[in-house]
1. From the list VAL30, VAL24, VAL109, VAL83, which residue is out of contact with any strand residue (DSSP E or B) (no Cβ under 8 Å at 6 or more places or on another chain) and at negative phi?
2. Any chance you could count how many residues in the range 1-28 are over 24 Å from the mean Cα position of the chain (by Cα) and small (Gly, Ala, Ser)?
3. Residues in the range 81-103 that are out of contact with any Gly (no Cβ under 9 Å at 6 or more places or on another chain) and more than 27 Å from GLU27 (Cα to Cα): how many?
4. How many residues are at pLDDT below 80 and not in a loop (DSSP other than H, G, I, E, B) if we restrict to the range 73-98?
5. Those residues that are part of a loop (DSSP other than H, G, I, E, B) and over 18 Å from ALA97 (Cβ atoms), I need them from the range 37-60; list them, please.
6. For the range 1-25, how many residues meet the condition of being farther than 20 Å from THR84 by Cβ, hydrophobic (A, V, I, L, M, F, W, C) and surrounded by 11 or more Cβ atoms within 10 Å (Cβ to Cβ)?
7. Only one of these conditions is not met by PHE95: (1) touching a residue at least 24 places away in the same chain (Cβ under 8 Å); (2) surrounded by fewer than 13 Cβ atoms within 10 Å (Cβ to Cβ). Which number is it?
8. Can you name the residue in the range 70-92 that is touching a residue at least 24 places away in the same chain (Cβ under 8 Å) and open to solvent by 90 Å² or more (accessible area, probe 1.4 Å) and, of all such residues, is nearest to SER6 (Cα to Cα)?
Amino acid sequence: MRVEKSVTSITWIPSEAISGMPKVPFEMGVAHSHDPPPDRLEDLDALRATDAFREANELRAWAEFDGGKPVDHGYSGGGHIGVTRIKLGRRELTFPAVQYPLIQAEPEVGDG
């Protein structure tokens, strides 16, 4: 039997989180905030394509059992980083994000 579990966290910039001097580029249209993400994520790639978040961390783990004993296990998922878009007049500049190496510990497997 195979068991899979996952969780995804998203960082985004809500408009109400920006105040004071840092808000000036947002008011000028140079930078932008994000709409709140949906309560349930159906298509993370589509959200990334529409620049709906800054970054997402998709954690997935799976294990296979035979007779109640673990026989195989692993990770999948990973980090998803949006791009930075800056508008200058009619031009929009896009800066690709730099993704850091993924850090994962080896799974701990025990009886039961």
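The values are calculated or read from the model by the stated rules, or taken from the named source; none is laboratory data. Quantities reported herein were computed from a predicted structural model and do not represent experimental measurements. Every residue, glycine among them, receives a Cβ derived from its backbone with ideal geometry; neighbour counts consider all protein chains shown. Side chains included, ligands, DNA and RNA excluded: accessible areas come from the protein's heavy atoms. Shrake-Rupley method; radii C 1.70, N 1.55, O 1.52, S 1.80 Å.
1. Of the residues listed, the single one that is out of contact with any strand residue (DSSP E or B) (no Cβ under 8 Å at 6 or more places or on another chain) and at negative phi is VAL24.
2. Selection size over the range 1-28: 2.
3. Going through the range 81-103 one residue at a time, the tally reaches 2.
4. The qualifying residues number 6.
5. PRO38, ASP39, ARG40, LEU41, GLU42, ASP43
6. Initial filter on the range 1-25 (farther than 20 Å from THR84 by Cβ): 1-8, 16, 19-20.
Now narrow it down to the ones that are hydrophobic (A, V, I, L, M, F, W, C): 1, 3, 7.
Within this subset, residues satisfying the condition of being surrounded by 11 or more Cβ atoms within 10 Å (Cβ to Cβ) are 3.
Going through the range 1-25 one residue at a time, the tally reaches 1.
7. (1)
8. Within the range 70-92, the first condition is being touching a residue at least 24 places away in the same chain (Cβ under 8 Å), and the residues that meet it are 70, 73-75, 77-83, 85-88.
Next, only the ones that are open to solvent by 90 Å² or more (accessible area, probe 1.4 Å) stay: 75, 87-88.
On the way: TYR75: 10, LYS87: 36, LEU88: 39 Å.
Top of the filtered list is TYR75.
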